[in-house]
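> Sharing a structure below in structure tokens format, with a few things to ask.
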Amino acid sequence: MQVMMYTVFREILLESMDRLAHFVGPVSIPRKNSEILIDSQKIISLIGPRRSGKTTLLLQTVDALLTRKKNKVSIDRILFINFEDERLADLKAVDLDLLLKAFQGISVAPLHTCYFFFDEIQNAPHWDKFVRRLYDSVTQNIFLTGSNAKALSSEIATSLRGRTLSQEVFPFSFEEYKVLRQKITNRKVPYEVGIRDYLEFGGFPEVIKSENKQIKITLLQEYFRVMMYRDVVERYQINESNLLRLLLRQLVLSAAKAFSVNKIFKTLKSSNISISNTSLYAWVEYCSDAYLIQTLDKYHEKPLLRKIGERKVYFIDNGLLSAMQTQENLGQKLEQAVFLHLRRIKKSDEILFYKDKIECDFLVLDRWKVKGALQVSITLKDPDAKNREIAGLIQACKYFKLKSGTIVTLNEWDEFVMDGIRIVVKPFEQWQEEFCNG
């Protein structure tokens with residue numbers, strides 16, 4: 001069996017070297033907040049949803065090593081392997097040492113001078129111990145990607161503690177979307193056209209590159225299926241995949257809203273669907289770990305109580321939501337886009353929502369202190385909607401002693417003072433650029 005795995009590793013590595021030697025980069029762009037440090041002497045870990053561009057970032061790093069002017073690296077010093085390769089389906093922890101032996105069989109370069117790239121590392125059993133041993137005794141030039149937040153973060157926090165620099169990679173922001181579309185079409189994207197396309201189909205690179213609406217939807221539905229089955233059902237060995245799908249449908253209906261697992265439990269129970277409350281809570285966490293969804297905690301003065309209170313749910317990309325919806329909801333999509341951009345810049349525990357009698361969509365924290373309050377509304381032309389958004393914003397600003405708050409809209413501008421609070425109204429495009437750069 002080990003002889004067979006050695007042969008498989010050798011075959012994969014030879015194919016990889018050949019591809020890298022003739023590599024022509026895909027149509028892509030530099031990613032903001034995703035620059036990879038090449039010679040950091042730390043393990044670089046890229047974590048995020050599948051198809052968001054992690055592999056492309058690895059390939060761009062390899063290309064930089066092969067083409068840089070100083071200290072250029074030869075192809076035989078690059079070990080690049082994707083652990084989602086179906087030939088590795090039966091891989092065992094004891095087989096990982098064969099990877100090194102197979103690499104040494106085709107490369108004469110000293111291992112300490114080599115660069116190791118491990119794509120979708122969470123599929124390798126006990127990968128963390130293997131990577132730690134490599135780092136401590138072989139080379140410090142190690143780059144990882146993974147599509148499961150908990151699987152990677154827990155191992156990084158234990159086995160790889162102090163040895164790694166981790167960064168999340170999300171689907172493209174609207175700013176990145178515009179740059180990529182302009183590069184593909186060779187013309188600037190009008191804001192009104194671009195923002196509606198982005199809100200509907202999201203920021204997955206392959207989807208952005210497609211010109212055909214049906215192809216976009218097909219790609220997104222396939223992404224959804226793969227994330228649900230491979231990253232949740234298979235990884236966590238869930239036998240009732242049909243019930244997980246029902247849960248996800250309920251979460252689609254609850255997107256950008258407060259949701260209750262207990263309420264979903266009662267809804268399913270009323271339809272004579274047998275599932276435990278405990279399982280539903282676990283499945284929500286599994287979907288979050290797999291970057292299919294993200295949850296937002298409600299503000300509580302005691303941080304420990306935020307995790308057990310009311311939460312809101314967002315999907316990791318607007319396109320995934322569109323692929324599962326039967327009705328269009330532009331306001332929901334805009335709030336999703338704002339949340340996802342906040343997550344590109346902030347950690348999950350640095351964003352909350354506030355709700356007393358009325359709600360404020362987002363609180364932005366810095367060093368555990370609330371520094372900003374945001375509302376999201378497609379338009380403020382409806383007097384009732386305008387009064388509701390302003391009231392929620394003012395309530396939050398006064399509670400946290402903020403002098404101003406922001407309302408993000410589709411394309412409206414305004415600025416005024418009400419009840420002693422400065423209210424700034426901005427289109428999504430300007431807000432995103434200013435928040436990213438500020």
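> Return only the number of the condition from (1) within 14 Å of ARG10 (Cα to Cα); (2) surrounded by fewer than 20 Cβ atoms within 10 Å (Cβ to Cβ); (3) β-branched (Val, Ile, Thr) that VAL94 does not satisfy.
(1)
> Which pairs turn up if I take residues in region 378-400 that are in a helix (DSSP H, G or I) and look for partners that are loosely packed, with under 14 Cβ neighbours inside 10 Å with beta carbon separation below 6 Å, at least 6 apart in sequence or on another chain?
If the second residue must be loosely packed, with under 14 Cβ neighbours inside 10 Å, the pairs left are ILE394/ASP419.
> Which one of these does VAL138 not meet: (1) surrounded by fewer than 18 Cβ atoms within 10 Å (Cβ to Cβ); (2) closer than 30 Å to GLY203 by Cβ; (3) of a type in the set (A, V, I, L, M, F, W, C)?
(2)
> A follow-up question, please. For ALA109, all conditions in the list (1) surrounded by fewer than 22 Cβ atoms within 10 Å (Cβ to Cβ); (2) modelled with pLDDT of 90 or more; (3) hydrophobic (A, V, I, L, M, F, W, C); (4) within 30 Å of PHE339 (Cβ to Cβ) hold save one; what is the number of the exception?
Result: ALA109 passes all but (4).
> Checking LYS178 against (1) in contact (Cβ under 8 Å) with a residue 24 or more places away in the chain; (2) surrounded by 16 or more Cβ atoms within 10 Å (Cβ to Cβ), only one condition comes out false. Which one?
(1)
This table checks each residue for (1) among the small types (Gly, Ala, Ser); (2) in contact with a Leu (Cβ under 6 Å, 6 or more places away or on another chain); (3) buried (at least 19 other Cβ atoms within 10 Å of the Cβ).
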residue	(1), (2), (3)
PRO30	no, no, no
GLU35	no, no, no
ILE47	no, yes, yes
THR55	no, no, yes
LEU58	no, no, yes
LYS70	no, no, no
SER74	yes, no, no
ASP85	no, no, no
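> Working only within region 344-359, note down all residues that are of a type in the set (A, V, I, L, M, F, W, C) and closer than 26 Å to PHE172 by Cα.
Of the residues in region 344-359, the ones of a type in the set (A, V, I, L, M, F, W, C) are 345, 351-353, 358.
Of everything in region 344-359, those that are of a type in the set (A, V, I, L, M, F, W, C) and closer than 26 Å to PHE172 by Cα turn out to be ILE345, ILE351, LEU352, PHE353.
> Then there is this: So which residues in region 347-363 are of a type in the set (D, E, K, R) and surrounded by 15 or more Cβ atoms within 10 Å (Cβ to Cβ)?
Residues of region 347-363 that are of a type in the set (D, E, K, R), as a first pass: 347, 349-350, 355-357, 359, 361.
Passing the criteria: GLU350, LYS355, GLU359, ASP361.
> If you go through region 87-102 one residue at a time, do you hit one that is in a helix (DSSP H, G or I) and basic (Lys, Arg)?
Here is the first cut: in region 87-102, the ones in a helix (DSSP H, G or I) are 87-88, 93-102.
Next, only the ones that are basic (Lys, Arg) stay: 87, 101.
There is at least one residue in region 87-102 that is in a helix (DSSP H, G or I) and basic (Lys, Arg).
> When region 123-165 is examined, which residues are found to be assigned to a loop (DSSP other than H, G, I, E, B) and aliphatic (A, V, I, L, M)?
Our first condition is that a residue be assigned to a loop (DSSP other than H, G, I, E, B); within region 123-165, this holds for 124-126, 138-141, 147-148, 159-163.
If the condition is that a residue be assigned to a loop (DSSP other than H, G, I, E, B) and aliphatic (A, V, I, L, M), then ALA124, VAL138, LEU160 are the ones that fit.
> Quick one: which of ASN262, ASN239 is modelled with pLDDT under 95 and either outside any helix (DSSP H, G or I) or under 22 Å from the mean Cα position of the chain (by Cα) (or both)? Outline the logic, then answer.
On the way: ASN262 fails: either outside any helix (DSSP H, G or I) or under 22 Å from the mean Cα position of the chain (by Cα) (or both).
From the options ASN262, ASN239, the qualifying one is ASN239.
> Then there is this: Exactly one of these conditions fails for LYS70: (1) touching a Phe, Trp or Tyr at 6+ places or on another chain (Cβ under 7 Å); (2) more than 30 Å from TYR177 (Cβ to Cβ). Give me its number.
Unmet condition: (1).
> Any residue in region 35-45 that is over 29 Å from the mean Cα position of the chain (by Cα) and polar (S, T, N, Q)? Outline the logic, then answer.
First, pick out the residues of region 35-45 that are over 29 Å from the mean Cα position of the chain (by Cα): none.
There is no residue in region 35-45 that is over 29 Å from the mean Cα position of the chain (by Cα) and polar (S, T, N, Q).
> Now for a different question. Kindly provide the set of residues from region 313-338 that are in a helix (DSSP H, G or I) and touching an Asp or Glu at 6+ places or on another chain (Cβ under 8 Å), ordered by number. Don't jump to the end; show me each part of the working.
Step one: list which residues in region 313-338 are in a helix (DSSP H, G or I), which gives 318-324, 330-338.
Within region 313-338, ASN318, GLY319, SER322, LYS333, GLU335, VAL338 qualify.
The values are calculated or read from the model by the stated rules, or taken from the named source; none is laboratory data. What you see is a predicted model, and the numbers here were worked out from it, not measured in a lab. Don't worry about glycine lacking a Cβ; one is built from the backbone with ideal geometry, like all the others, and counts go over all protein chains shown.
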